[in-house]
1. For a quick check, take a GNM of the chain with Cα springs below 10 Å and name the residue from Glu142, Glu158, Glu97 with the largest mean-square fluctuation.
2. With the dipole of segment 2-132 worked out from charges on the C-beta (+1 for Lys and Arg, -1 for Asp and Glu) around the Cα centre, which of Ala129, Ala51, Ala98 lies farthest toward the positive end?
3. Just the accessible area per residue of the chain, please: how many Å² with a 1.4 Å probe?
4. Stretched out fully, how many nm does the piece from Thr191 to His14 gain, at 0.36 nm a residue minus the Cα gap?
5. Using a Gaussian network model of the chain whose springs link C-alpha atoms within less than 10 Å, name the residue from Arg201, Arg147, Arg54 with the highest mean-square fluctuation.
6. Could you order the peptides 135-141, 123-129 from most to least packed, using the average number of other C-beta atoms within 10 Å per residue?
7. Restricting to Cα atoms and excluding each atom paired with itself, what does the Kirkwood estimate give for segment 1-156 in Å?
8. Given a 1.4 angstrom probe, I'd like the percentage of the accessible area of segment 1-103 that is carbon and sulfur, rounded to a whole number.
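The values are calculated or read from the model by the stated rules, or taken from the named source; none is laboratory data. Note that the structure is a prediction, hence the values are computed from the model and not measured. Glycine also receives a Cβ, built like all others from the backbone with ideal geometry; neighbour counts cover every protein chain displayed. Calculation scope for accessible area: heavy atoms of the full protein, side chains included, ligands and nucleic acids excluded. Shrake-Rupley method; radii C 1.70, N 1.55, O 1.52, S 1.80 Å.
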Amino acid sequence: MLIDLHTHTHPLSHDSSLTPDNLIDAAKAARLDGVCLTEHDFFWDPADAEALGRKHNFLVIRGVEVNTECGHILVFGLERFVYGMHRFATLASMVDEAGGAMVAAHPYRRQLPFELRDSGDWSEPLERAAANPAYAAVHAIETLNGRGTPRDNNFAAEVAALAGLPTTAGSDAHQRSDVGVCATEFHTQITELGDLIDALRKGSLFTLHSLLL
């Protein structure tokens, strides 16, 4: 199953021009099997997400992208935003208590210096990035981000390798043309949030899938 783990829609994510209906239409056109709604620090209402899935007869899973001092974290299994979850230690404790799952999104951001042009130049930033305390708690690292450059994603892949973590892909869609660039391929049936969390926590039931990159 091909699932996009990282998408943003308007108006819940203010920087997105993609409506929920546009997202699903584009995901179907790209032959995806499901999408995760991961707005910036904003949770979808369960009934609204369920209604969207029924309307399109398509797998829609609720998540959120939380901005923490350790970077942006895709979270699955929490129900609402609680003050304090922007601190990673608090967020990790909440996710652990709920039996949820976390994926570190685009780890290259604010870590890969713009002036370094070649992969061979980035050993020091790479070690610094891999030492991020969040990687002791997340279940995977997003190493194929649809809005990242090949250089960005190569750096992310090396971070994940150093951290010894499984890797995921997500379009990070903010507009229709972003949808379908990449996704995560799950080797087990995902029919609802619990299946997704179980697969992410096991870490061996999914692989990256590049569609257009």
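1. Glu97
2. Ala51
3. 46
4. Value of the extension gain: 60.9 nm.
5. Between Arg201, Arg147, Arg54, it is Arg54 that shows the largest mean-square fluctuation.
6. Those peptides, ordered most packed to least, come out 135-141, 123-129.
7. The answer is 16.6 Å.
8. Result for segment 1-103: 50 percent of the exposed heavy-atom area is carbon or sulfur.
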